1. Can you say whether Val62 is open to solvent by less than 20 Å² (accessible area, probe 1.4 Å) and closer than 20 Å to Pro20 by Cα, as far as the supplied structure shows?
2. May I ask you to say which residue of Leu157, Leu181 is in contact (Cβ under 8 Å) with a residue 24 or more places away in the chain and crowded, with 18+ Cβ neighbours inside 10 Å?
3. If the requirement is being open to solvent by 10 Å² or more (accessible area, probe 1.4 Å), in a loop (DSSP other than H, G, I, E, B), farther than 17 Å from Phe88 by Cα and free of Cβ contacts under 8 Å to residues at least 12 places away in the same chain, which of these qualifies: Leu113, Leu108, Leu127?
4. Which pairs have Cβ atoms under 7 Å, sit 6 or more apart or on different chains, and link a residue in the range 24-50 that is in a helix (DSSP H, G or I) to one that is of a type in the set (Gly, Ala, Ser) and at pLDDT below 95?
5. Would the range 58-76 turn up any residue that is among the polar types (S, T, N, Q), at pLDDT 90 or above, under 21 Å from the mean Cα position of the chain (by Cα) and not in a loop (DSSP other than H, G, I, E, B)?
6. Take the range 1-41 and flag every residue that is surrounded by fewer than 15 Cβ atoms within 10 Å (Cβ to Cβ), modelled with pLDDT of 90 or more and at positive phi.
7. So in the range 150-208, with the set limited to residues that are charged (D, E, K, R) and assigned to a loop (DSSP other than H, G, I, E, B), which one is modelled with the highest pLDDT?
Amino acid sequence: MTAPPVLSIEAARGTGEHLPYAPLDLVLHEGDFALIESLGPRRGASFADLCCGLMTPASGRVRFVGRDWQTMPHEHAGALRGRIGRLFHLPLRPDTPDVASRILLARLHHTRLPEAEVRAEAAALALRFGLPGLPAGPARLLSAPDLLRAACVRAFLGRPRLVILELPLAAQHDDLLLALLAVGAEARGHGAAVIWLANASPALRSRTIRPTQRLRLGDAGLVPVRLPAAVA
């Protein structure tokens, strides 16, 4: 039997002021990567909320792994959200008292694996993102770039089925961009779908980034973005 799409948005209209009134349609299967240009972080965050079932559409429906967010019981929805990794546009607050606990919290809540095993997975991911290991202690001891790297670890921890990155492209260091693309490709190889909500920038048009869908989230809804023909 064919597996349902990881995410299916069908003629959904958001209820928040930051989403367009136009109906939104998007289907992502295992291994898909949607790079979406979003005008402003609030619009991207509202769209991410819609994908995660945290915003009830005014019309249409949103399904995650074949399940409609609107019709499933509250406790089932909470469990399913444990299979979504999300990098928020405001990643980890500087006043976070314990970075490691913040990274591990959701994963430990949704798994029966021993904590030592989860910590080992997080430490390995931390190395992939350029950290010396799983960060310890309060966030005020880490630089802003390292807090972002730590938030990336949290987003990919536990082999999520869907990863949503609310992250502008232009401000990122090349090493972090390469790490995100590599870890994202690996996650997609394990059956995840990835959504990258980015700002409008020349980097969004880079041919070194190879999504399965390039889209713009604007007043007309989600519309395809076509790159100009390459110059011979």
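The values are calculated or read from the model by the stated rules, or taken from the named source; none is laboratory data. In this text the structure is predicted, and so the values were computed from the model without any measurement. All Cβ positions, even for glycine, are placed from backbone atoms using ideal geometry, and neighbour counts span all protein chains on display. Quick note on the areas: whole protein, heavy atoms, side chains included, nothing else; ligands and nucleic acids left out. Shrake-Rupley method; radii C 1.70, N 1.55, O 1.52, S 1.80 Å.
1. Yes: the conditions hold for Val62.
2. Exactly one of Leu157, Leu181 is in contact (Cβ under 8 Å) with a residue 24 or more places away in the chain and crowded, with 18+ Cβ neighbours inside 10 Å, namely Leu157.
3. Leu113
4. Gly44/Ser38; Ser46/Gly14; Ser46/Gly16; Phe47/Ser38; Leu50/Gly14
5. So far as the range 58-76 goes, no, none of its residues is among the polar types (S, T, N, Q), at pLDDT 90 or above, under 21 Å from the mean Cα position of the chain (by Cα) and not in a loop (DSSP other than H, G, I, E, B).
6. The one that is surrounded by fewer than 15 Cβ atoms within 10 Å (Cβ to Cβ), modelled with pLDDT of 90 or more and at positive phi: Ala11.
7. Arg161
Rundown of residues vs (1) out of contact with any helix residue (DSSP H, G or I) (no Cβ under 8 Å at 6 or more places or on another chain); (2) among the acidic types (Asp, Glu), yes/no style:
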site	(1), (2)
Val65	no, no
His74	yes, no
Gly82	no, no
Asp98	yes, yes
Arg112	yes, no
Ala116	yes, no
